[in-house]
Amino acid sequence: MAEMLTDLLQNIYKRIAQLGQAIQELKRTLDELNQNIEQKISNLTEKLEEFSNEIKVTQTKHVDAVLEIGKDTTKELKTIQEGLGLEALKNLIKKLEDFAKLSEGVLNQDTVNLLLSEAIDSVKNLKESLKEEEQEVME
């Protein structure tokens, strides 16, 4: 009976030792899993930082590109404007407006009446001169 008890105790110790080994193996596996998870998180964090930097660089490039497009477009519009003579047309319109204002002053009713009066007087004088010349020729 003592021998049975000794065998039973040895089996219990053996199983406890196996359980201890299984627990150590489980701990080692969990440690490896934790290390693997930490590595994946570290890699993910690094990739997110790289991605964030890429976004910043891309945004800057897009903003720069849009600014450059805006500058080029403005330059081209000015070139087109000059090519179409829009500036010259504006200047011509301004000169015509100035001329119209000047003409209004020159062509007011009093000035027109005076000019017509002088023209009529000139025509009368011319007629009289012609009549006098005809009479002189006839005499």
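The values are calculated or read from the model by the stated rules, or taken from the named source; none is laboratory data. No experiment lies behind these values; they were computed from the predicted model shown. We place every Cβ from the backbone using ideal geometry, glycine too, and count neighbours over all the protein chains shown. Note: accessible area is taken over every heavy atom of the protein model, side chains too, but ligands, DNA and RNA are not part of it. Shrake-Rupley method; radii C 1.70, N 1.55, O 1.52, S 1.80 Å.
Structure notes:
- Residues within segment 119-139 that are open to solvent by 100 Å² or more (accessible area, probe 1.4 Å) and modelled with pLDDT of 80 or more, tallied: 4
- Residue that is modelled with the highest pLDDT, among those in segment 84-95 that are of a type in the set (A, V, I, L, M, F, W, C) and surrounded by 11 or more Cβ atoms within 10 Å (Cβ to Cβ): L92
- Flag if K101 is at pLDDT 80 or above and of a type outside the set (A, V, I, L, M): no
- In segment 61-75, the residues that are of a type in the set (D, E) and either open to solvent by 100 Å² or more (accessible area, probe 1.4 Å) or touching a Lys or Arg at 6+ places or on another chain (Cβ under 6 Å) (or both): none
- Of all residues in segment 2-15, those that are surrounded by 10 or more Cβ atoms within 10 Å (Cβ to Cβ) and aliphatic (A, V, I, L, M) total 3.
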